[in-house]
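Written out below as structure tokens is the structure these notes cover.
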Amino acid sequence: MKEAMQKFWAQLPDERKAGVEGAQLDKLHRSLLSRLDFYTAKLVGIENYQATTLERLHIQRSALYNLLSQRESKIQFQMAGEQRRLAHASKRDSTAMKTISLLGAIFLPGTFLASVFSMTFFDFGAGAETVVSTQLWVYFVITVPVTAAI
């Protein structure tokens, strides 16, 4: 723009540059050049401010990213602690369940067979004088292999 104004002034005939009209044109030309310089300086300032603002935004974004990373790391650390506690609790529960299932495996076959032998299908005693049947060994002979098989 400045170059165009200079070319316009250079192409202007000398007759027009002289006199009252020339003085007014010169004043207008200098005023426009002054404004153009002002707006050029203002534009440079705005461009510098824009570059500074972009740099600030970049720094703020980096700071926020670092804060978020720290917070996420802290949360993951807490989650790891909770998962460790949960794993220990699961292990205790697992041990208790194994103990219960072992006791069930030991006692359930015997209980089942005792209930089967208590039915009237089997007669262990011929008379009422014996409290413990002499045929009790049959219970253990059947119960022990069934328990071992389980």
Extending each Cα 7 Å along its Cβ direction at Leu43 and Phe107, get the distance between those two points in nm, one decimal.
-> 9.5 nm
³J(HN,Hα) computed for each position of segment 135-144 - Karplus, 6.51 cos²θ - 1.76 cosθ + 1.60, integer Hz, glycine/proline x = 8, 4, 4, 4, 4, 6, 5, 8, 5, 4
Point-to-point label distance, Ala149-Ala63, nm (Cα→Cβ direction, 7 Å offset) = 7.7 nm
Scalar couplings 3J(HN,Hα) for segment 92-99 by Karplus 6.51 cos²θ - 1.76 cosθ + 1.60 (θ = phi - 60°), nearest whole Hz, x for Gly and Pro, are 4, 4, 5, 5, 5, 5, 5, 5
Once both labels are modelled 7 Å past Cα along the beta-carbon direction, what's the His88-Asp26 spacing in nm?
-> 9.5 nm
Pop out the ³J(HN,Hα) list for segment 82-90 in order, Karplus 6.51 cos²θ - 1.76 cosθ + 1.60 with θ = phi - 60°, rounded to Hz; leave Gly and Pro as x.
-> 5, 5, 5, 4, 5, 5, 5, 5, 5
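FYI, it's all coordinate maths here, none of it is from the lab. All figures in this text were calculated on a predicted structure; none of them were measured in a lab. Neighbour counts are summed over all protein chains in view; Cβ atoms, including those assigned to glycine, are modelled from backbone coordinates with ideal geometry.
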